[in-house]
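Since the structure comes first, as structure tokens, the remarks are kept for the end.
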Amino acid sequence: MVEAMRLLEYQAKSLFDEYGITIPKRYIANNFDAIKKGAEELGFPLVLKAQLKVGGRGKAGVIKICKKPEELKILYDDLTSKTVQGEKVKTLLMEEFAEHTNELYLSIYLNRSKRCYSIIASAEGGIEIENVGDKIILDTGIDGPTEKDLEYIASELTLNGNSKKNFIEFASRLTNLVVKKEAELAEINPIAVRNDGTLLALDGKVIIDDNAMFRHEEMNKYEDIATLEAEAKKSGFSLIELDGNIAVIGNGAGLVMSTLDILNDHGGKPACFLDVGGRATTESVLTALTLISRISKVEAILVNLFGGIVRTSVVAQAIIYAYKNNIIHVPIFARISGAESDKAKEILNGSTAKVFHSVEESIVSAVKSVE
């Protein structure tokens, strides 16, 4: 399974700065003394932004504008008291408040299905790109978009003069970052367009392929070993957090990815996917369920297991233990087949977990349970 390292916003912006992408003046703080020092350097108004790897920070209320010194302690206490989707706010990014006339969206990502880089741009920045109807999507070569591609996109965005020139330069530098760092994704949302046509990256997201990390030792400084993903990795399996409410557990990359696809086809939204691998034990599966229990947005767990090397009865025993010891409190919908599957079904019979004959049946039931 392809694993990825997701950078926090301030880390992504450090990369932007390294590649010449203009960012606001900023200060990183993890205590109130540092917050006061940052405010002295930046002045008011300023923006306080919780540094989290989950999405939806704006909706969660962890991005605040501080207009005067008297508000600083109140906002700091409010932000650092919050937990969003199981992730505690520990670090704040402070930035100057940047006046601007409009906002753009730009991302470049590795399109694995087409074996190329693709670029997405929109004149509607500041909102999730999935909710934008009018956007430009362009598949490019393995070296990313050319200058001709970028000129076309800038024209489609109806940019002109300095803003067009600066957008092309912005996108070119973002392309350079993606290709040089072997990133899966680099996103700026929004890009602020100022009165004079200059641009600023107001927010940033960068995802690096873990499989390329051995070629980029300079990126090791960005690893956050406190994340659930890192804890899962230490336990010998893969966990990737997403933005939905149904956790997906399977054994084997292909099985997990196909389960995600079917879940999406039925209108379900995965909260995470977890590959327990081929050598799962009762203890490791219990660890996996414990990690999932810490993701507060999870409302149901979908299990799709095929017993080969993995004895499915081992997984069933872990599920029963997790329920009996109040580790998990949400329903489990399971499709189990292969080695010892009859024994696994017998173990789960009469428990809170529901066992189905097909993947589709288990998915339909899981989706209905969270509606």
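What follows draws every value from the coordinates through simple rules; no lab data is involved. The model shown is predicted, which means the values in this text are computed figures rather than measured ones. Ideal geometry is used to build each Cβ from the backbone, glycine not excepted, and the neighbour counts take in all protein chains shown.
List of remarks:
- For the chain, the relative contact order comes to 14 percent (Cα pairs under 8 Å, sequence separation of at least 6).
- Gyration tensor (alpha-carbon) shape descriptor, the range 25-96, a/c threshold 1.5: prolate
- Two-site FRET efficiency, I142 against E70, from Cβ-Cβ distance with R₀ of 41 Å, rounded to 0.05: 0.15
- In order along the range 99-113, phi translates into HN-Hα couplings of 5, 7, 8, 7, 10, 10, 10, 8, 8, 10, 9, 7, 8, 5, 5 Hz, rounded to whole numbers, per the Karplus curve 6.51 cos²θ - 1.76 cosθ + 1.60 with θ = phi - 60° and x for Gly and Pro.
- Dipole magnitude of the range 102-214 about its Cα centre (Cβ charges: Lys, Arg +1; Asp, Glu -1), debye to nearest 20: 260 debye
- Under 5 Å from the amide H of K269 lie the amide H atoms of N245, I246, each residue being 5 or more positions distant or on a separate chain, with H modelled from the backbone and absent for Pro and chain starts.
- Centroid-to-centroid separation of the range 325-371 and the range 158-177 [C-alpha atoms, Å]: 50 Å
- Length-normalised contact order for the range 102-214 - Cα pairs under 8 Å, 6+ apart - percent: 28 percent
- Full extension of the chain between K88 and K180 yields a length gain of 29.9 nm, computed as 0.36 nm times the residue separation minus the alpha carbon distance.
- Using distinct alpha-carbon pairs, which all enter the 1/r mean, Kirkwood radius of the range 230-290 in Å: 11.7 Å
- 3J(HN,Hα) from dihedral phi, the range 35-42, Karplus parametrisation 6.51/-1.76/1.60, rounded to Hz, x for glycine, proline: 4, 5, 5, x, 5, 4, 6, 8
- Applying both filters, DSSP loop and at most 12 other Cβ atoms within 10 Å, to the trypsin sites (Lys or Arg not before Pro) of the range 302-371 eliminates every site.
- Legend: distances between Cα atoms for K67/K135; K53/K221; K164/K221; K37/K221; pairs beyond 26 Å are K67/K135; K164/K221.
- With each label modelled as a point 7 angstrom along the Cα→C-beta vector, the N131-R294 pair spans 3.0 nm.
- Taking 0.36 nm per residue of separation and subtracting the Cα-Cα distance, full extension of the segment from C116 to T281 would add 55.6 nm.
- With 0.36 nm allotted per residue and the present C-alpha distance subtracted, the K165-H216 stretch has 15.3 nm of extension available.
- Backbone amide hydrogens, once placed in the peptide plane, bring C116 within less than 5 Å of N111, excluding anything fewer than 5 places away on its chain.
- Label point of Y152 set 7 angstrom out along Cα-Cβ; within the range 115-139, amide nitrogens under 11 Å from it belong to 137-139.
- Of all lysines in the structure, those lying under 25 Å Cα to Cα from K354, and not within fewer than 8 positions of it along the same chain, are K269, K297, K324, K343, K345, K368.
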